[in-house]
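Worksheet for the structure shown next.
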Amino acid sequence: MPNILKAVIDLFTYKPPQKFKAEEYSQDQSQSSENAEGNDSQENTSEEIDWQKILRQADDQQTRENNQVSGSAANTSKQAKDGAASTGRPAVVIRRRNRQKKGAGQGSQGAGIDERDIALIKNGMVAPNIAVNIEYVKQKFSVPKNQDIVIREFNVAKRIKAFLVFVDGMMDKTVINQFVLPQLMDTANFKDFSQEDILDYIIRNVISIYQVSRIKEYSKIIPQILNGVTALFIDGCNEALLIESRGFEKRSIEAPRTENVIRGPQEGFTENLRTNLSLLRKIIKSEKLITEILPVGNKNRINCALVYLDDTADPELVKEVKRRIRNIKYDFVESSGMLEQLLEDNPFMLFPQVISTERPDRAASFIMEGQVVIVCEGSPFVIAVPVTFFHLLHSSEDTMLRWQYGMFIRLTRFLGVLIASLVPGLWMALVQFHSEMIPTPLLLSILKMREAVPFPVVVEVLLMEVAFELIREGGIRVPGLIGQTLGIIGALILGQAAVAAGLVSPILIIIVAITGIGNFVIPNYSLAMAIRIIRFFFIFMGAVLGFYGISVGLTILLALTCSMKSFGVPFLAPFTPKTRRSSDLIVRKPLYKQPVTGNYLDTVSRRSGLYHKRGE
Amino acid sequence: MKRIFSMLLLFVMLFMLTGCYDARDVNDAAYILLIGIDRGISDKFRVTFKFPAFEAGGAQGGSGGESPGGGLSYKTLTIDAPSFNAALELANTSIPRTLNFMHAQFIVISEDIAKAGLVGEFLAPIVRNSSIRYSTRLLIAKESAAEFVELLEPFGGSDITRMCENLIKQAQETGLFADLTLYDLHDCMTSTYHQPIAVLAAVNKGENFIEKGPKWDTKYNIPGDYYAGDVPRKKGSKVELLGLAVFNGDRMVGKLTGHESRLLAMAKGNFKKGTYTIPDPKRPELNVDLEVREARRPDVKVWFEGEKPFVKLKLYLEGDIHSIQSGIHYETPEMLPIIERAFERFIKRELDKTIEKTQQLNCDVFHFGHTAVKKFATIQEWEAYDWNSRYKDAKIYTEVDFKIRRTGTMIYSSKIKYAEEDK
């Protein structure tokens, strides 16, 4: 029983892909022999012993490979070692190409093809017979119906049949035209070639591409092709060569659109994963910065990268994030916005539980604090977890300015949150229940202004708030320059006209305006949205129960917020539960007094006292 | 399910238990700013309300919204009724809005009522009314409260509440009256330590302002030595607050002038500052102007010889010289005490007169009772002693200490020089 448990845990532990490359073959061999159907669900129960064995073998093989120059020798020794598990395939496959000529004319994989080819292709492995492969690829990609897929057949050094598969438009044409095809076709390049592993020879001597890899399984080749990698199949090889040729149209790096700062870098993330990662690497030049790439989405399989600092981020946290990403069972994940919803702790909570940012510098600061940053392909927003309420209110400008200024703008922001969420509600309460609290001169002018308004205050407030929401939403959706104009003109005209028509009182325009401005102060878009909604909740509570209602509402909200967690970190973390407090929450201290990492994140270097650390 | 149900129940309870029913739109209420109370003709009391007129403003667009507070106008309503609450109900037969007293500024009671001892009777329902603040200012109007309420109009502005608040605030600037609330009167009425006072108010009709007559000589009046309504002035605001009404229980028995109110404030330690004019000690036909402040709280000592109370009151004052008309060089350390002693004599004389006046009324408005009570072991003994009745027998010694701190912007006075023939 402990064995099984250990194996299950082991299975869920992510291992870097480099280590796996050598052992993939033997793993799949043993798998295919056991369950020919490729039933994935059974994997973890039947294979726990094999894993250990495979690891051992992989290690052996790697050391051997280091000692021996020739790849074929390594292959033979591996085959010998595998013995019973593998089907005893010869290491040198060139010799079969004569027989292959015979079968090539037939078009389909029928009679005349080696049974072993069929067995391999059935198990989703690359077959040595190129005709089988070509047919398999065509069927997989529905060629010729699917016209994006290009299958380029040619001969390597005028002798060996081969073909390239790639997706048109996803790859860089010059790579194929200048560095792959001419060199493979040139017989001069194969002058020294003797009876050895042709793929190894090509990798070492022919193709001048910076990144190539050999893969056997179609399950790994096909996603790579879809990512823009070119696959090279050569007759007689039971592996395909993946040639890094990605080159698709992408947006250049621009200034962030949603998070503007006055002082600070003006670079923003783009939709390209590689670009985004490089932007992060550019800021954190540390060998401890780990990038792990995981596919997300059952059907669209986009890549997302986990970026964290190995010696800072809590290993438990990294594990948890990976567990959640792996367990996403959703067909179509489009961007980090969708990923966020699939990852968050409580989908019914109003507040965002991850923080998304468009700024590499901000993402880098999250990483440095011990958070895990998830970069998602196709989205210029990266998300960082875990998050606390105070993170959502910080802006990168806080720390880039001197601490006095930073503190000032941060306090302004906190004030903005209070105003944006409470002012209309308080106004409701004040006017409906607590008119004694209004200074008399003000009350008299309110009276005078409201005299012509035929509606009760609630209707008045809701009317204006709804109008404001419409303007705001309209301003975003309306294309281009008209958007801004609509926002300003709409607000001005609507407000003025509403007052003139006697629909609302002028003082309400001020209330709505100050609430709107307060909302714009909030640096996080998700939080701003939450506050926009909460505002209506407080209007309701204020209208029904006055200040009592506001305080009841605040209590409910605080209780709910207290119970919220983001990846195990309480949402109001440094305050409740109370941990050793980072000074960088509301008030900023001079930079030299302020540690980078927060205790509540339970980073490797610090202890919060909240949880037991492993190994202590 | 259970959880949802309990949450639902909680919400329903929260909403059922409170709130909601009290919600009242600001525009559904008539905010009473002034309440005036007279003796009625057709009924026991005549109650006057003053409230802002419900005119729409600021909604006309264009220039309408410029100054929403500007151009407020006010309306008054006078009703004869057997009691305050009855008046409220009757008022609502003609006013379409609920009367709301949360913003009441002044409660004005006519001298008639005060002298007849009806204040207690009338205030009883008012102090129980939850919407009338205990800190509402209370005034005693010299003649008709209704007239006072009607004529109290904003002066130099349009806002009556600002007018009221700022007018009362002048008490601190001059000390000629005091900032007294409903609480002060109502609480003191039942006190065994002292007797209540209230601010005197009146409509000044300008009767004391004599247009033509012999010109004034070198003599002069003591500043503020008037009762409300008697100040010789013309135009300005129609109303004035000056001096204090002295009560015995809830019956008004006497008045203090503005000047006496100041001395009372000094003796109680409430005096902020005030200007005094005294004759120059060396040339009595000319004046010396002083601005006087309280240096520290007065010392009050009370002791008893048998049943007879003795009180020793020492005032500590300080001040600046505002003017020396004679040009005598008083600014030297040797000469300053001359003015100081003269002023001390002046204050002591006036203070003694005021104390004597209150003793004749037998009203301890000086709060000596607060010190006297410390000589008694129990409240019962104190109540049995009955300080309020014994006050007239008290022997009161007074002493004044005055120091000049600054001499204004001059440190040397020089005589005015005349041409040859005048010498």
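Taking beta carbons within 10 Å but only from partner chains, what does the mean come to for residues B:31-37?
Across the residues of B:31-37, the mean count of other-chain Cβ atoms within 10 Å is 1.
Evaluate E = 1/(1 + (r/R0)^6) for B:PHE5 and A:GLN496, where r is the Cβ-Cβ distance and R0 equals 60 Å; express this FRET efficiency to the nearest 0.05.
Approximately 0.75, to the nearest 0.05.
What is the distance in Å between the Cα centroid of the stretch B:242-292 and that of the stretch B:317-382?
For the stretch B:242-292 versus the stretch B:317-382, the Cα centre distance is 10 Å.
Find, among the trypsin sites (Lys or Arg not before Pro) in the stretch B:290-327, those assigned to loop by DSSP (not H, G, I, E, B) with at most 13 other beta-carbon atoms within 10 angstrom.
When the trypsin sites (Lys or Arg not before Pro) of the stretch B:290-327 are filtered for loop state and at most 13 Cβ neighbours within 10 Å, nothing remains.
In whole Å, what are the extents of the stretch A:413-570 along the principal axes defined by its C-alpha atoms, from largest to smallest?
Per principal axis, max minus min of the Cα coordinates gives 54, 46, 22 Å.
State, to one decimal in nm², a quarter of the convex hull surface area for the C-alpha atoms of chain B, i.e. the direction-averaged projected area.
The number I arrive at for chain B is 34.3 nm².
Any idea how far apart B:LYS312 and A:ARG402 come out in nm if each label point goes 7 Å out from Cα toward Cβ?
Inter-label distance under the simple model: 6.1 nm.
Given R₀ = 25 Å, FRET efficiency for B:ARG128-A:LEU418 by Cβ-Cβ distance, to 0.05?
0.05
What's the center-to-center distance, using Cα atoms, between the stretch A:447-486 and the stretch A:180-240 in Å?
Cα centres, the stretch A:447-486 to the stretch A:180-240: 64 Å.
Report ³J(HN,Hα) in whole Hz for each residue of the stretch B:173-181, in order, from the Karplus equation J = 6.51 cos²θ - 1.76 cosθ + 1.60 where θ = phi - 60°; Gly and Pro get x.
Coupling constants for the stretch B:173-181: 6, 10, x, 6, 8, 10, 9, 10, 10 Hz.
In nm, to one decimal, how far is the A:LYS6 label point from the B:LYS235 one, both placed 7 Å along Cα→Cβ?
Rounded to a tenth, the inter-label distance reads 10.6 nm.
Return the distance in nm (one decimal) between the two label points of a simple spin-label model at B:GLU420 and A:ASN146, each offset 7 Å from Cα along Cα→Cβ.
12.9 nm
Hey, got a sec? Which trypsin sites (Lys or Arg not before Pro) in the stretch A:251-280 land in a DSSP loop and have at most 15 other Cβ atoms within 10 Å? Please report the intermediate quantities before stating the final value.
On the way: sites: A:ARG251, A:ARG257, A:ARG263, A:ARG274; in loops: A:ARG251, A:ARG257, A:ARG263.
The qualifying sites are A:ARG251, A:ARG257, A:ARG263.
Taking a label point 7 Å from the Cα of B:ALA384 along the Cα→Cβ vector, which residues of the stretch B:176-219 have an amide N closer than 20 Å to it?
B:192-193
Pop out the ³J(HN,Hα) list for the stretch B:299-306 in order, Karplus 6.51 cos²θ - 1.76 cosθ + 1.60 with θ = phi - 60°, rounded to Hz; leave Gly and Pro as x.
8, 10, 10, 10, 9, 10, 10, x
Just order B:35-45, A:327-337 by mean Cβ neighbour count inside 10 Å, highest at the front, would you?
Averaged packing, sorted descending, gives the order B:35-45, A:327-337.
Sort A:VAL206, A:VAL587, B:VAL365 so that the residue with the fewest other Cβ atoms within 10 Å of its own Cβ comes first and the one with the most comes last.
Least to most surrounded, the residues fall as A:VAL587, A:VAL206, B:VAL365.
In square nanometres and to one decimal, what's the mean projected area of the convex hull around the Cα atoms of the stretch A:273-387?
6.4 nm²
What value does the stretch A:115-175 have for Rg/Rh, both radii from Cα atoms and Rh as Kirkwood defines it?
Looking at the stretch A:115-175, the ratio lands at 1.01.
Roughly how many Å is it from the Cα centre of the stretch B:161-196 to that of the stretch A:324-359, as a whole number?
65 Å
How big is D, in µm² s⁻¹, for the stretch B:68-108 by Stokes-Einstein at 4 °C and 1.567 mPa s if Rh is the Kirkwood radius over C-alpha pairs?
Answer from the Stokes-Einstein relation: 107 µm²/s.
Counting only other chains, and only Cβ atoms inside 10 Å, what mean value do you get across the residues of A:436-443?
Shielding by partners across A:436-443 averages 6.
Tell me whether the stretch B:272-423 comes out rounded, prolate or oblate; compute the Cα gyration tensor, take square roots of the eigenvalues as a ≥ b ≥ c, and use a/c under 1.5 as the rounded threshold. It would help to have the intermediate numbers written out before the result.
Numbers: a/c = 3.92, a/b = 2.86, b/c = 1.37.
Verdict is prolate for the stretch B:272-423.
Give the average over all directions of the projected area of the C-alpha convex hull of the stretch B:276-344, one decimal, in nm².
On the way: hull surface 24.3 nm².
For the Cα atoms of the stretch B:276-344, the hull's average projected area reads 6.1 nm².
How much FRET efficiency would the formula 1/(1 + (r/R0)^6) give for B:GLU291 and A:LEU463, where r is the Cβ-Cβ distance and R0 is 60 Å, rounded to 0.05?
That pair, B:GLU291 with A:LEU463, gives E of 0.55.
Of the listed pairs B:LYS75/B:LYS235; B:LYS314/B:LYS415; B:LYS212/B:LYS272, which have alpha-carbon separations greater than 31 Å here?
Violating the 31 Å Cα-Cα cut-off are B:LYS314/B:LYS415; B:LYS212/B:LYS272.
Would the stretch A:93-249 count as rounded, prolate or oblate if I go by the C-alpha gyration tensor, calling it rounded below 1.5 in a/c and otherwise prolate when a/b exceeds b/c, oblate otherwise? Each step should come with its number before you reach the end.
Working: a/c = 1.69, a/b = 1.10, b/c = 1.54.
Oblate, because a/c is 1.5 or more while a/b does not exceed b/c.
Using only Cα atoms, find the angle between the long axis of helix B:119-128 and the longest principal axis of chain B, and express it within 0 to 90 degrees, rounded to the nearest 10.
50 degrees
Counting Lys and Arg as +1 and Asp and Glu as -1, what is the net charge of the other residues whose Cβ lies under 9 Å from the Cβ of A:ASN298?
+2
We did not get these values from a lab; they are worked out from the coordinates using the rules stated. In this text, all values refer to a predicted model and were calculated from it rather than measured experimentally. Note that each Cβ is placed from the backbone with ideal geometry, even for glycine, and that neighbours are counted across all protein chains shown.
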